[in-house]
Each structure stands twice: as structure tokens, then as C-alpha cells.
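Let me begin by presenting the structure, written as C-alpha cells, before commenting on it.
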């Protein structure tokens, strides 16, 4: 996972710049600039359906947690499957706007697509597991508001890239960690399908006093030697069980930020546990820069969620 935290912010800019060329033609839109979060919700119509931006799904201290909702055209005839979209950025940067193009594509494919913000770690604030609590809350909020947005509450998936993939993976593995909000107490946070794109799967083995070791010791609030259980609890590899949701793992064979061996380890362990899992290896790097590779990633994601989330007619 070397260079993950320190290079990801730069390459995420490339992700935005290439977004227009990366997806199938019916998903191509002008690539957005990173949004400045605002608590002012807006609703607009687009060629892919209604778009609700900056909808508050909770608060954490003084911070308002926001998400966007991309509805398919004609989203009124029957409840639709939904996909939570979780951005990368090393748990420290970027926001839901980096998921906009994929959200538009999935909405055009019949899904309710929901890019979410979560608390970012900085200056010792918002340590783990704040990020997990937030994305779990976003799933529960969506279920609580399923009727309003015509979502099928038992057909929700999660897509994440890089740091977001670690969070998406845990949404398909573990139950709600913080169930203190009575308004959401009856709504589960576990999703029915996961796409893990370039995601880290375990947080062990960093050389002592390396940049990675220092970052994660701060992020997790303790060194590995002092509290290995905290590091392992954040590792998807340590939560594999037969009850996990189906997984699609997508990883670049030339990824120099998160080694493909981490994806392979997760695939092998899920397979051994009897989980429905598919592993797609793409001839690319951490960010899937090539337009053809990005089209394949989008289509693999669409087909997987269609198989796992769309009820049989």
C-alpha cells in the first residue's frame, strides 16, 4: 500500500479529468470540479433523471453529512435497486463529486445512485471509525427514506474506490457499529452487494516508523504494536465470513499504491468461505486511467449490480 496516502490526492485529479472519456457513451457528461459541501439541498432534472444534491443524512458534531441522489428517468413505477458510491482520497481528501459520472451512468441503467460524503481525517480529528459510522448511517438513512426516493430497501449495493473500497467492503461484511440514533435503530446498514475497486484489504506489515506506519498510527489512534485489534478491525480481510454480501473485486495489475496481492488475498479468503465473489484483473494502474479500461470497469459494475440487486421478474 506504499504511497497510497500521499499520491492518491494527486491521482484523484486525474480521475476527474478522465471521467468524461472513461465510461460508455451514454454515461459521458462534463467532468465536474470538486464540490464545496453545502447544507443547501437542491433538486434538478437531467437527462438521466432527477438529481437531489447536498441532501443532509446526519450530523457529526458541527459537521453536516451530505449525499446526492441520482434517480432514473421515470422513477415511480416500481421500487428500484440503489447503489451507495464512496469516494477515495486516502480517508483525508476529496468528496462525493468524484463519483458523479459513475452515478449518472448507473442512474441511466435503472439504479438509484447515491454518492456520499463522510468525515475526513485531518489534524488528529475524525479518527477511525468515524468514516465507517458515516457510511453505515448513509445506508440506514436511505432505507429510512426509501419510499420517498422509490428505493427497494432490501436491494442496496455499495461501490467504492481505493479508501472508499475499504469502506464499501465493510458495508457488505459487518452490522451497524454505532446504533445510538433511535430514529434509525430499526434500519440495518449492511448492503446486499459490494464492488471493491483498488481497495486495501488489510493494514499490517508496514515498516516501523515508515510514513505509512506513522499515518495509520495517527488515523487509528494507536500503533499496531500497542493495539493490533484496532488495525485488524478496519481490515476487510479480518471480517470474511460466509454471511458476507456478494463481491466484485476489480484491481489493476500495475497498481503501485495498493498491491494486487491484497485483492488476491481477499478473493481467496472470500472464495474459501463460500461467498459469491468475482475477481476482475485489469491491465492498468490504481486509477484505471485508460478510457477502454474505465469503460470495462463501468460495465462490469453495472452487470454485477444488475445480477445481484435487480429482482428476478
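Values quoted throughout were computed directly from the atomic coordinates according to the rules given, and no laboratory measurement underlies them. Computed from a predicted structure; not experimentally measured. When we count neighbours, we look across all protein chains shown, and the Cβ atoms used for this are built from the backbone with ideal geometry, even at glycine.
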* Asked: So how much slack lies between residue 43 and residue 60, counting 0.36 nm per residue of separation and subtracting their Cα-Cα distance, in nm?
  -> 3.7 nm
* To do: Rank the residues 253, 101 as a footprinting-exposure proxy: fewest other Cβ atoms within 10 Å of their Cβ go first.
  => 253, 101
* **At 1.306 mPa s and 10 °C, Stokes diffusion of the stretch 160-313 via Kirkwood alpha-carbon radius, µm² per second** => 96
* Evaluated at 20 °C with a viscosity of 1.002 mPa s, what Stokes-Einstein diffusion coefficient in µm²/s does the stretch 100-180 have when Rh comes from the Kirkwood expression over alpha-carbon pairs? -> 156
* List the pair-distance distribution P(r) of the stretch 43-183, using every Cα-Cα distance, as the percent of pairs falling in each 10 Å bin from 0 up to the bin containing the longest distance, rounded to whole percents. => 12, 46, 33, 8, 0
* **Cα centroid separation, the stretch 223-239 to the stretch 186-203 (Å)** => 17
* Cα-based shape type of the stretch 226-313, given that a ≥ b ≥ c are square roots of the gyration tensor eigenvalues and the cut on a/c is 1.5 -> oblate
* Structure fact -> Check: C-alpha center the stretch 85-109 vs C-alpha center the stretch 241-313, spacing in Å is 17
* Asked: With each pseudo-label sitting 7 Å past Cα toward Cβ, what's the residue 299-residue 175 distance in nm, one decimal?
  -> 4.1
* Once fully extended, how much extra length lies between residue 307 and residue 214, figured as 0.36 nm per residue of separation less the alpha-carbon to alpha-carbon distance? -> 29.4 nm
* Calculated log₁₀ intensity ratio I(q)/I(0) where the Debye formula runs over C-alpha points of the stretch 124-229, q = 0.10, 0.15, 0.17 Å⁻¹ -> -0.34, -0.70, -0.85
* Structure fact -> Proxy exposure order for 239, 254, 227 (fewest C-beta within 10 Å first) is 254, 227, 239
* To do: For helix 260-273, report the angle its Cα long axis makes with the longest principal axis of the Cα atoms of the chain; keep it between 0 and 90° and round to the nearest 10°.
  => 80
* To do: Using only Cα atoms, tell me the angle between helix 291-309 and the longest principal axis of the chain; keep it within 0 to 90° and round to the nearest 10.
  => 70
* Structure fact -> The computed P(r) of the chain puts the percent of Cα pairs beyond 25 Å at 44
* When the chain is treated as a GNM, springs tying every alpha-carbon pair under 10 Å, which of 221, 164, 49 comes out with the largest mean-square fluctuation? -> 221
* Helix 4-22 versus the longest principal axis of the chain: what is the Cα-based angle in degrees, 0 to 90, to the nearest 10? -> 30
* **Residues of the stretch 202-245 with amide N under 18 Å of a point placed 7 Å along Cα→Cβ from residue 123** => 218-219
